[in-house]
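*Asks:* Following this message is one structure expressed as structure tokens.
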């Protein structure tokens, strides 16, 4: 076969991979915007219109995250069985159904039931499902694809908050839910059907170890200590992000930053996340994903702790925090892939997602209790301490992974 003939399937695979990334990326914007970020705009209109307690309204997201966490191991198993495209399409349909039920809700129980349906859709339709499908499909080369998808996801609030505000002002909160349901039926589900492959990519993947003995050694090495550590670090990271996201303005006010200044500072988090992800996309292939996780956990811990003790300018700390959160999203998908490989990736991601999503559901409630009992400053300090623990666990994770690889790599002459 000539070089020109060999290049045709390569170009075709590259095109298909780009289409899959674009399809998943658009799906992430709509999925995050119509679930996790939805109540930032709709909570007050729903409360005003229905008279339901705001605590019940806001609890909808927590209900959705709990359901998503409980369903995530099953999602991982389905993806591992080459049902990733079906999972995504069905998730989009569940999100559409949940939003229709939400828009029709006439009671609090009806409303919370809608979030149960949305939670089932979230289990496959948010990052965990998308990462599992990319890793299972593309193997080691999924690292850049995961980063691209997080770039799309980083714009979810920037796109959907203004859109939700416009829709609520023009049509009300119920029709806003219906419009998002229509978007999933007419955009998200068809995009998944047209762009997501049904089978893993059989093409060679970059950065794959050349020694079959190394692969066999790593597959036989104990993985549970690493899986537990990865799950702990990711769970801490996602719960911290959920708490900070819900209470950001309150915590900034607690350190003397309120009003327009607080809004301006918080607005820097999104661009900081995207900027960090762009840098990771450019330089990420030159280092192991564990280094990305190490930088992410250190930046998050340093920013929150220093904000709590009043050191350095809040402007710089908010940017550093955005960098840490932005890199954490990437690392939560790329680190398990690098440690556990393509074959086990989808199932392991499903298992890791369970504690992560449950912690995200509980974190804002815990944050509220802490702010009420110990105040804003001490809340920042203990959240920063939790982030510091995640950093130390990442150091331990790096040491264990180096020890797992070292004997055979030294024997075979592989670079450390």
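*Asks:* Order 152-159, 164-171 from most to least packed using the mean count of other Cβ atoms within 10 Å.
*Replies:* Most protected by this proxy first, the peptides run 152-159, 164-171.
*Asks:* Continuing with this model, one more query. Given points 7 Å out from each Cα along the Cα-Cβ axis, report the residue 77 to residue 194 separation in nanometres with one decimal.
*Replies:* 3.4 nm
*Asks:* Taking R0 as 51 Å, what's the FRET efficiency between residue 285 and residue 165 from their Cβ-Cβ distance, rounded to 0.05? It would help to have the intermediate numbers written out before the result.
*Replies:* Numbers: r = 39 Å, r/R0 = 0.76.
E between residue 285 and residue 165, to the nearest 0.05, is 0.85.
*Asks:* Got a sec? How would 403, 85 order by Cβ neighbour count within 10 Å, fewest to most?
*Replies:* Ascending number of Cβ neighbours within 10 Å: 403, 85.
*Asks:* Fewest to most neighbouring Cβ within 10 Å: what's the order for 90, 391?
*Replies:* 90, 391
*Asks:* Residue 268 label point, 7 Å along Cα→Cβ, cut-off 19 Å on backbone N: hits in the range 152-182?
*Replies:* Under cut-off, by backbone N: 158.
*Asks:* Would you please classify the overall shape of the range 265-368 from the alpha carbon gyration tensor, given that a ≥ b ≥ c denote the square roots of the eigenvalues, rounded means a/c under 1.5, and beyond that prolate means a/b larger than b/c while oblate covers the rest? Can you show the working numbers first?
*Replies:* Working: a/c = 2.41, a/b = 1.36, b/c = 1.78.
Judged from the Cα gyration tensor, the range 265-368 comes out oblate (a/c at least 1.5, b/c at or above a/b).
*Asks:* Next up: At a Förster radius of 22 Å, what calculated FRET efficiency corresponds to the Cβ-Cβ distance of residue 70 and residue 343, to the nearest 0.05?
*Replies:* Working from the Cβ atoms, E equals 0.35.
*Asks:* When ranked by the protection proxy of mean other Cβ atoms within 10 Å per residue, highest first, what sequence do the peptides 185-196, 354-365, 323-334 form?
*Replies:* Packing order, densest peptide first, comes out as 323-334, 354-365, 185-196.
*Asks:* I need 54, 15, 286 ordered by Cβ neighbour count within 10 Å, fewest first.
*Replies:* Final ranking by Cβ density, sparse to dense: 286, 15, 54.
*Asks:* Can you tell me how the range 42-134 classifies by the Cα gyration tensor, rounded, prolate or oblate, using a/c under 1.5 as the rounded cut?
*Replies:* prolate
*Asks:* Here's something else I'd like to know. How long is the gain from residue 249 to residue 56 if the chain were fully straight, where each residue apart is worth 0.36 nm and the alpha carbon distance is subtracted?
*Replies:* My answer for the length gained is 67.4 nm.
*Asks:* For residue 258 and residue 49 in one chain, what is 0.36 nm times their gap in residues minus the Cα-Cα distance, to one decimal in nm?
*Replies:* Full extension from residue 258 to residue 49 adds 72.4 nm.
*Asks:* Applying a 10 Å radius around every beta-carbon, put 128-140, 272-284, 238-250 in order of their mean neighbour count, most first.
*Replies:* Ranking the peptides 128-140, 272-284, 238-250 by packing returns 128-140, 238-250, 272-284.
*Asks:* Still on this structure, please answer the following. Kindly identify the range 149-194 as rounded, prolate or oblate by the Cα gyration tensor criterion: order the square roots of the eigenvalues as a ≥ b ≥ c, call it rounded if a/c is under 1.5, otherwise compare a/b with b/c, prolate if a/b is larger, else oblate.
*Replies:* The shape class here is oblate.
*Asks:* A follow-up question, please. Given labels modelled 7 Å from the Cα in the Cβ direction, how far is it in nm from residue 109 to residue 311?
*Replies:* According to this spin-label approximation, the distance is 5.3 nm.
FYI, it's all coordinate maths here, none of it is from the lab. Not measured: the values here are computed from a predicted model. Cβ coordinates were reconstructed from backbone atoms using ideal geometry, including for glycine residues, and neighbour counts include every protein chain displayed.
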